[in-house]
Number of protein chains: 2
Amino acid sequence: VGEIKKPLRYYACSVARSLDILGDRWVFLIIRELFFGIRNYDQIHDHLAIATNILSDRLKILVDNGIVEKKKDALDKRKYVYKLTEKGLDLYPITLALLQWGDKWLAGDKAPPLFLYHKTCGQRLEPVMVCRKCGGTVHPRDVRYQENEKAI
Amino acid sequence: VGEIKKPLRYYACSVARSLDILGDRWVFLIIRELFFGIRNYDQIHDHLAIATNILSDRLKILVDNGIVEKKKDALDKRKYVYKLTEKGLDLYPITLALLQWGDKWLAGDKAPPLFLYHKTCGQRLEPVMVCRKCGGTVHPRDVRYQENEKAI
């Protein structure tokens, strides 16, 4: 990515910056596994049927970007465990949004492959994006954009 | 992707299904442009400094998957416009979540490069993912997962 000279507008939005790290299917599938509580290299490898060189490369990207922490396994010092940092845990809304879109648009006539429950209220979880200030839902046509020249 | 035989678990979640289409940086940057109201091939090309073969390929993926509609331009019949369908508009929570994460974690000491305003209430938009049933925020540790064997 680094080699291409991009017009100013390209990075005039955090979506592009986020995608520089996250815009890779394997990176996000690894993040999904970590959210499911999988912490072990071999288990991630088995679940995703991912080549070891790709898995090692993507884990390194995640560690280098402070999204994942690599620690010695307390139970077996020869092994490592991978854990989401605070920066990594903050990817949860993206994960939920990807899941919900797939549930709605890619499950065909079938029910969603995974049911989520909100432990806080005990109900089936249907995540929805709202405005923190007014609590209202956010439709694309309800949003106005303004470039912050100083930040680019 | 199609060639790799994946264990059952791989698709036991809509995140993987969504990423089969969306897990590509260019695909999502094109979606971002469309949310910004850009509808024209040449403008997307200029903004993203994307190679034309990649842009054409990714637009075709988006059209083939019913995310984007390609229509003749009403003002110039020799040209086409690209527009998000309902399925495409439903990608907005993913876009907002990517933007918010980048604003929080990748802007360094600077302010976000783009300010969003919620026209409905007039305030700066801070999108937050909540549970539709109880209205409470959704932290990864508040969620329980249950595989739906029938759907896989």
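The values are calculated or read from the model by the stated rules, or taken from the named source; none is laboratory data. Not measured: the values here are computed from a predicted model. We place every Cβ from the backbone using ideal geometry, glycine too, and count neighbours over all the protein chains shown. Accessible surface is based on the protein model in full, side chains and every heavy atom, while ligands, DNA and RNA are left aside. Shrake-Rupley method; radii C 1.70, N 1.55, O 1.52, S 1.80 Å.
Brief remarks on what is shown
- Here is the figure for the stretch B:28-41: residues that are open to solvent by 80 Å² or more (accessible area, probe 1.4 Å) and within 13 Å of chain A (Cβ to nearest Cβ) total 0.
- Among the candidates B:Thr120, B:Thr137, B:Thr95, the residue that is of a type in the set (Val, Ile, Thr), open to solvent by 80 Å² or more (accessible area, probe 1.4 Å) and touching a helix residue (DSSP H, G or I) at 6+ places or on another chain (Cβ under 9 Å) is uniquely B:Thr120.
- One residue from B:Lys83, B:Lys79, B:Lys87 being out of contact with any helix residue (DSSP H, G or I) (no Cβ under 6 Å at 6 or more places or on another chain), surrounded by 12 or more Cβ atoms within 10 Å (Cβ to Cβ), among the basic types (Lys, Arg) and at pLDDT 95 or above: B:Lys83
- Among the candidates A:Ala107, A:Ala111, A:Ala74, residue that is at pLDDT below 95, open to solvent by 20 Å² or more (accessible area, probe 1.4 Å) and touching a Lys or Arg at 6+ places or on another chain (Cβ under 9 Å): A:Ala111
- Residue check, A:Leu75 of a type outside the set (Phe, Trp, Tyr), under 30 Å from B:Phe115 (Cβ atoms) and out of contact with any His (no Cβ under 8 Å at 6 or more places or on another chain): no
- For the stretch A:142-152, the set of residues classified as without any contact (Cβ under 8 Å) to a residue 40 or more places away in the chain and in a loop (DSSP other than H, G, I, E, B) consists of A:Asn148 only.
- The stretch A:85-132: number of residues that are more than 20 Å from B:Thr95 (Cα to Cα), out of contact with any His (no Cβ under 9 Å at 6 or more places or on another chain) and among the polar types (S, T, N, Q): 2
- Entirely in the stretch A:43-141, the helices (runs of 4 or more DSSP H) that have 2 or more residues that are more than 10 Å from chain B (Cβ to nearest Cβ) and without any contact (Cβ under 8 Å) to a residue 60 or more places away in the chain: A:52-64
- Checklist (1) open to solvent by less than 60 Å² (accessible area, probe 1.4 Å); (2) among the polar types (S, T, N, Q); (3) in contact with a strand residue (DSSP E or B) (Cβ under 7 Å, 6 or more places away or on another chain) applied to B:Gln146, failing item: (1)
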